[in-house]
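Read-outs throughout are calculated quantities, based only on the coordinates presented, and are distinct from any laboratory measurement. What you see is a predicted model; the values in this text were computed from it and never measured. As a convention, Cβ positions derive from the backbone with ideal geometry for all residues, glycine included, and neighbour counts pool all protein chains shown.
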Amino acid sequence: MSNIFYKLGKMAGPTVRKAKWIWHTAASNRTQAIQTETLVGRDMANEIRQKFNLDASPENTELLNEIGSSLTKCVADEQRSFQFESIDTTPPNAFCLPGGFIFVSSSLVDLCQKNKNEIAFVISHEMAHVIKGHAMERMLSNSAIAAASRTVSATNILAAYLREVGINFLTSAYSREQELQADELGFRLTIAAGNDPYAAIKFFQRIMKLEKKSEIGKYFSSHPPCKTRINHIKQLIARH
């Protein structure tokens with residue numbers, strides 16, 4: 001961590017504790033917790049839009065919104081809201097921000113051959129990270145982001161942070177246990193929305209082919225092995 005983040009973290013001690021208190025007492029004040037998430041996610045989303053080119057294809061945008069809308073209707077917590085956007089990046093990628101901001105690369109949409117069932121699993125997996133609290137916990141684990149989460153405008157701090165770590169932190173900071181948890185909840189969401197339960201397996205098989213060609217990025221290489229995830233999905237299907 002650079003000196004700027006060390007200094008920010010040191011100065012923001014009480015602020016960090018307050019942000020964590022708000023988040024960890026979400027059960028007693030759910031509305032305020034989600035508002036805290038949205039503040040963090042909104043400013044980070046603005047920086048993502050400036051850092052990466054948005055996908056100019058209206059077809060991809062419509063596809064993501066159509067799929068995302070059907071999945072959102074299956075989320076039990078009605079206070080949760082989600083926003084879906086496509087960015088023009090390679091290799092295939094997808095990530096979420098606190099507050100329900102979901103970004104999917106156009107290259108990942110192409111990898112899925114625009115198959116709605118497979119894309120639904122990818123999106124629902126990212127939604128699950130938000131619902132499970134993984135996205136917010138990841139932000140609060142970094143003192144600079146935690147400090148920014150309680151300011152009126154976090155843009156400058158967040159911009160510096162993204163310049164420092166790029167997109168890698170957003171796509172590889174979850175534990176493998178959290179990834180499997182997101183797979184399970186994502187699977188349940190996509191099934192509830194009427195999608196093919198075997199689509200997740202087909203998606204992971206596509207990733208395995210890319211891995212063999214060394215054409216996959218850090219996003220998927222940091223996740224549990226595809227074989228492990230496929231076996232996990234098969235177990236869920238058997239219990240479904």
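Assuming 0.36 nm per residue, please report the length gained on full extension of the stretch residue 239 to residue 61 beyond their Cα-Cα distance.
Values: separation 178, 0.36 × 178 = 64.08 nm, distance 3.37 nm.
Using 0.36 nm per residue and subtracting the Cα-Cα distance, I get 60.7 nm.
Would you mind checking which residues have amide H under 5 Å from residue 133's amide H? H placed 1.01 Å from N; only 5 or more apart, or other chain.
none
What is the calculated FRET efficiency for residue 31 to residue 212, with r their C-beta to C-beta distance and R₀ = 35 Å, to the nearest 0.05? Don't skip to the end; give the middle numbers.
Details: r = 47 Å, r/R0 = 1.35.
Working from the Cβ atoms, E equals 0.15.
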